[in-house]
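Here is the structure we will look at.
What follows is calculated from the coordinates using simple rules that are stated; it is not laboratory data. Computed from a predicted structure; not experimentally measured. Heads up, the Cβs are rebuilt from the backbone with ideal geometry, glycines too, and the neighbour counts pull from every protein chain shown.
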Amino acid sequence: MQLTFRDQGPGIADLELALTDGWTSGNGLGLGLSGSRRLVDDFVLDSAAGKGTRITITKWK
């Protein structure tokens, strides 16, 4: 199964930091991106400042 999530927001300035457990840009727990990456077989994150973000995750049987 493959899912793609897209937005047209401000983008993610520091991808490495955003994928760090516990880091949050707001009031969240900071586990969304890093946790998602651990749960799937393939995780692709494309983001550019001012152009939004696209995340594609793939889970094989």
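Given the C-alpha atoms of the chain, compute the convex hull and give its volume per residue in Å³.
Working: hull volume 4.7 nm³, N = 61.
Spelled out: Cα convex hull of the chain, divided by residues, is 77 Å³.
Net charge within 14 Å of Ala48 by Cβ-Cβ distance, Lys/Arg positive one each and Asp/Glu negative one each, not counting Ala48 itself?
Numbers: positive: Arg6, Lys51, Arg54; negative: Asp7, Asp14, Asp46.
In short, 0.
Among residues other than Asp21 whose Cβ falls under 11 Å from its Cβ, what is the net charge (Lys/Arg +1, Asp/Glu -1)?
Net charge around Asp21: +2.
Give me the extension gain from Leu17 to Leu39: residue separation times 0.36 nm, minus the current Cα-Cα distance, reported in nm with one decimal. If you can, show how the numbers build up before the last one.
Working: separation 22, 0.36 × 22 = 7.92 nm, distance 1.87 nm.
This chain segment gains 6.1 nm when fully extended.
Please give the FRET efficiency for Thr24 paired with Gln2, using the beta carbon to beta carbon distance and R0 = 25 Å, rounded to the nearest 0.05. Write down the numbers at each step before the final one.
Values: r = 27 Å, r/R0 = 1.06.
Taking R0 as 25 Å, the efficiency between Thr24 and Gln2 is 0.40.
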